[in-house]
Structure formats: structure tokens, C-alpha cells
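Since the structure comes first, as C-alpha cells, the remarks are kept for the end.
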Amino acid sequence: MTPGWPLWEVFVRSRNGLAHKHVGSVHAVDATMALTNARDVYTRRSEGTSIWVVPSAAITASDPADKDALFDPAGDKIYRHPTFYDIPADVKNI
Amino acid sequence: MYTQGLDEAPGPDVDESFDPASLLPDDEASAELRFQARIDAEDRIEPTDWMPAEYRRTLIRQIAQHAHSEVIGMQPEGNWITRAPSLRRKAVLIAKVQDEAGHGLYLYGAAETLGVSREELVDQLVSGEVKYSSIFNYPTLTWADMGAVGWLVDGAAIMNQIPLCRCSYGPYARAMVRVCKEESFHQRQGYELMLTLSRGTPQQQAMAQDALNRWWWPAIMMFGPSDADSVHSAKTMRWKIKRFSNDELRQKFVDVTVPQAEYLGLTVPDPDLRFNDETGHYDIGPIDWDEFFAVVRGDGPCNRQRLATRRAAHENGAWVRAAAEAHARKQQERQQSSEPAATGPAAAGQVA
């Protein structure tokens with residue numbers, strides 16, 4: 001392999017009605033080849049009905065160092081969850 | 001196991017009693033402590049997380065060896081594809097060999113998340129710099145070996161890989177989940193093949209027994225050196241890359257496999273094999289470690305042939321890779337020349 005074949009992230013929809021899910025990555029010279037490779041590598045047992053391939057370089061990810069700043073604020077906002085509210089057992093359908 | 005080269009000898013810089021954190025500046029030492037605390041809490045480590053350099057190095061080496069084993073593992077079985085006795089057996093064998101290629105690719109992908117490139121990994125294999133499992137340096141002499149390899153070699157691999165599904169490094173653990181699901185088919189088709197032979201003619205039964213005789217000890221050795229001689233175990237256990245010792249996994253394998261051999265009506269080639277009522281486990285005879293280390297060193301029956309075949313496949317595929325690159329380049333140029341010259345907001349608007 002010549003250095004520099006781009007890396008592609010592979011997402012597979014296991015059946016209609018479900019979202020595409022990340023399953024791994026493949027190297028390929030272009031998108032068509034990435035799809036073909038992804039099909040051979042990740043769907044040998046009817047794992048999918050649809051494949052997305054995305055150039056890995058096109059993904060912007062959050063920095064693990066920012067994890068606390070990004071996600072901790074949600075931790076103490078339990079009032080965003082329905083179970084935060086006490087409703088008498090006699091009240092139905094809510 | 002597939003990564004047994006890790007156990008074979010102390011690396012130049014390995015000293016288990018030495019705590020690398022003691023040499024680090026304070027902030028890095030505390031990063032190590034935080035890292036270990038995450039491991040202890042069964043948190044998973046992901047590619048962009050901070051990790052000790054040694055953890056990264058160990059994982060790259062282990063995952064690379066594992067990937068190389070899958071790739072080299074295609075050869076002993078590929079040997080029989082054209083001579084499979086029926087279309088059904090042939091289709092199964094092709095599917096199995098294709099799976100081994102797939103497993104190699106999942107694993108190369110996992111290794112690459114640690115910052116090593118695919119080209120480096122491939123180079124390490126074809127140059128012989130990084131090892132693969134000793135088991136693939138044994139020849140597959142008869143059709144019965146396709147049964148014995150699936151049953152014993154893939155059986156031993158499953159024993160090792162199931163705990164790896166809980167490995168502390170996320171991408172490796174996820175690759176292992178896929179591999180284990182597929183490996184189960186490998187083992188069952190192998191056992192079914194052995195069952196068919198062992199219920200067949202006297203010649204077929206003899207062929208099955210001969211295959212068991214040749215593959216039993218190499219499969220036992222797949223788990224690597226005894227715990228007492230395994231230098232990397234303590235560290236990889238602390239980092240939860242590995243969860244059971246070589247001897248523990250070997251014992252589990254023996255305990256489940258001996259009754260399977262009995263069901264086939266075959267004899268395990270170990271005169272010392274006994275069920276120990278006190279421990280509830282099978283005791284086995286002495287393992288020929290000289291043979292094991294000779295094969296790991298490169299002096300097994302097929303080491304040179306396996307590497308030469310892999311190297312030839314890589315070199316003979318060069319023109320295919322060059323053609324793919326040329327095609328992609330041409331397509332791109334064609335697309336660029338046929339696109340209207342318009343750029344900027346107007347062109348961007350067309351995307352929707």
C-alpha cells in the first residue's frame with residue numbers, strides 16, 4: 001500500500017427504522033472503493049441494509065480534556081428528567 | 001496465544017519492579033495514577049484519551065501480533081480450498097478464510113487508532129520484525145486438519161479472545177466482540193467435520209486421530225509460556241489488557257476440550273492426561289517448551305514458507321494498488337474538469 005490511502009469511517013444501518021451505527025474503518029483510494037471494502041469487511045453476515053462511509057479527516061471530535069466542561073453541567077440538572085417530579089399514584093396517564 | 005510473542009522474552013527495557021511513574025514529573029505521575037484509577041473502575045480507554053506511553057506501546061504490539069496471526073492464519077486453511085471434498089465444505093472453508101482476513105482488518109483498524117499506520121504494520125509483518133502465533137507455522141497435511149484446526153486452534157483462540165472483549169482499550173474490545181461471534185462458527189464447523197470423519201470409515205477415523213495427534217500439543221502451546229516464565233503478564237493484567245493468566249486459560253481449554261475428544265471417540269495424545277478428582281480439573285503431561293521456543297524463534301516446520309508467501313502476495317498485489325490509485329486520480333481529474341468553474345456562495349448553495 002502506498003502511504004496515504006485515506007481512512008474512512010464506516011457506519012451501518014442494521015435494518016430500516018434504526019440509525020446508522022459506527023462499526024469501524026477501512027482504507028480506500030476513493031468513496032466507491034471505501035463502500036466496496038466496507039461491504040466486504042463489515043457486512044458478511046447480513047449485518048446491514050445500508051452503509052455510510054465518511055472520510056475520517058472530515059470528522060470533528062470534542063476534546064477529551066473538555067469532557068468535564070462540556071458534560072458535567074448536565075449532571076446537576078436532574079429536573080430535566082421526568083422522574084424528578086412526584087406525581088401521586090392516584091393520578092393516571094401521566 | 002495469538003499474541004504469545006509478548007510473553008516469550010523480556011524486552012530490553014522491562015523491569016517489573018521498576019515503577020516508571022517514579023521518574024516522571026509530578027503532573028505526569030498523577031496522570032498515571034488517574035489513568036490506573038479509571039482502569040480499576042472498569043472505565044474504558046478510548047483513542048484520544050491520555051494513556052501511558054508503555055500502555056500504548058504494549059497494545060500496538062499485542063494488537064499487531066494478533067492481526068498478523070489472523071492474516072497468516074489464512075494460509076494453512078487456504079491450502080485446502082481447491083481440494084475440499086464437497087461444494088458445501090468448500091463454501092464453508094472459503095467463508096472461514098475470508099473471515100480471517102476480516103479479523104485481520106478489524107484488528108489493524110484498532111491498532112491504527114493508537115497512532116501506528118497500516119503501512120508500518122504491513123512492513124513489520126513482511127520484514128519478519130513482528131511475530132505472529134506459533135500455531136500457524138505447522139503444516140496442514142490432510143483434509144482432517146481442517147477439522148482439527150477449526151475445533152482446536154479456533155477453540156483455543158476463543159478461550160483467549162472472550163476475556164479480551166472486556167479489555168480496557170475500547171477499540172480492541174469492540175473488535176474482539178465481532179471476532180468472537182464469527183469465531184464460534186469456525187470452531188463448530190471444525191468439530192462437525194471431525195465428527196463426520198470419526199463416524200466414517202476406519203481410514204477416515206484414522207485420519208481424524210492423526211490430525212488430533214499432530215494439533216493437540218501445538219494448540220496447548222498457543223496459550224504461551226507458563227505463568228512463572230511470562231514476563232509481561234503482571235503489567236498487562238494490571239492494565240486489564242489481559243484478565244486471565246496463560247495457565248488459567250490453558251486449563252480451561254483442556255477441561256472443555258477433553259470431553260469433546262471423548263465424544264468423537266478419539267484419544268488425546270497425552271499418556272499423563274488424568275482427571276484430578278481433588279481439583280476438578282484435568283492434569284496434563286509436561287509441555288515441550290523447547291519445541292515452542294524453536295517455532296517462535298523461526299525454526300518451526302513452515303515459518304519461512306509462511307513469510308515468503310505473505311511477502312509474495314504483498315509484492316504481487318503492488319500493481320493492483322497502483323491501478324486503484326491511478327483510477328482514483330483519473331476520476332478526480334475528470335470530475336474537476338467537468339465541473340463548472342463557479343465557486344463561492346452560489347456554488348455552495350447548489351449542494352442542497
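The values are calculated or read from the model by the stated rules, or taken from the named source; none is laboratory data. Note that the coordinates shown come from a computational prediction; the quantities given were computed from them, not determined experimentally. Because the Cβ atoms are built from the backbone with ideal geometry, glycine has one as well, and the counts that use them run over all protein chains shown. Ligands, DNA and RNA are excluded from the accessible area calculation, which covers all protein heavy atoms including side chains. Shrake-Rupley method; radii C 1.70, N 1.55, O 1.52, S 1.80 Å.
Observations on the model:
- Residues whose amide H falls under 5 Å from that of A:S50, counting only those 5 or more places apart or on a different chain, are A:R13, with hydrogens built in the peptide plane.
- FRET efficiency, A:S56 to B:T196 (Cβ-Cβ, R0 41 Å, nearest 0.05): 0.35
- Note on segment B:170-311: with charges restricted to the Cβ of Lys and Arg (+1) and Asp and Glu (-1), its dipole about the Cα centre is near 1160 debye.
- Using the average count of surrounding beta-carbon atoms within 10 Å as a protection proxy, the listed peptides B:143-153, A:71-81 rank, highest first, as B:143-153, A:71-81.
- Between B:N276, A:N37, B:L114, the Cα set farthest toward the positive side of the dipole of the protein assembly as shown (charges on each charged residue's Cβ, about the Cα centre) is that of A:N37.
- Between B:H281 and B:N276, the built amide H atoms are under 5 Å apart, and every one of these is 5 or more places off in sequence or on another chain.
- By average C-beta atoms within 10 angstrom, highest first, the peptides B:294-303, B:156-165: B:156-165, B:294-303
- Placing B:E129, B:E28 in order of accessible area, with the largest value first and a 1.4 Å probe, yields B:E129, B:E28.
- From phi via Karplus (6.51, -1.76, 1.60), per-residue ³J(HN,Hα) for segment B:200-207 in Hz, x at Gly/Pro: x, 5, x, 5, 5, 4, 5, 5
- Per residue, segment B:88-133 exposes an accessible area of 35 Å² to a 1.4 Å probe, with every protein chain left in place.
- Note on B:160-166: average number of Cβ atoms from other chains within 10 Å of each residue's Cβ is 0.
- Accessible area in the full protein assembly, largest first, 1.4 Å probe, for B:H186, B:H281: B:H281, B:H186
- Cleavage-rule hits, trypsin sites (Lys or Arg not before Pro), segment A:28-67, DSSP coil, Cβ neighbours within 10 Å at most 16: A:R44, A:R45
- Interface area, chains A and B: about 1600 Å² of buried accessible surface, summed, with a 1.4 Å probe and ligands, DNA and RNA left out.
- Per-residue mean of foreign Cβ neighbours for B:118-124 is 2 (Cβ atoms of other chains, 10 Å radius).
- A cut-off under 12 angstrom between Cβ atoms defines the neighbours of B:G102, and their net charge, with Lys, Arg +1 and Asp, Glu -1, is -1.
- Note on A:21-29: average number of Cβ atoms from other chains within 10 Å of each residue's Cβ is 5.
- Sparsely packed loop sites in segment B:200-251 (the trypsin sites (Lys or Arg not before Pro) outside DSSP H, G, I, E and B with at most 14 other Cβ atoms within 10 Å) do not occur.
- Chain B: angle of helix B:303-316 to the longest principal axis, Cα-based, in degrees nearest 10: 30
- Charge-dipole axis of the protein assembly as shown as Lys and Arg at +1 and Asp and Glu at -1 on Cβ define it, positive-most pick from B:V254, B:G150, B:L125: B:G150
- In this Cβ point-charge picture (+1 for Lys and Arg, -1 for Asp and Glu), segment B:50-136 has a dipole of about 460 debye about its Cα centre.
- Chain A, accessible area per residue, ligands and nucleic acids excluded (1.4 Å, Å²): 72
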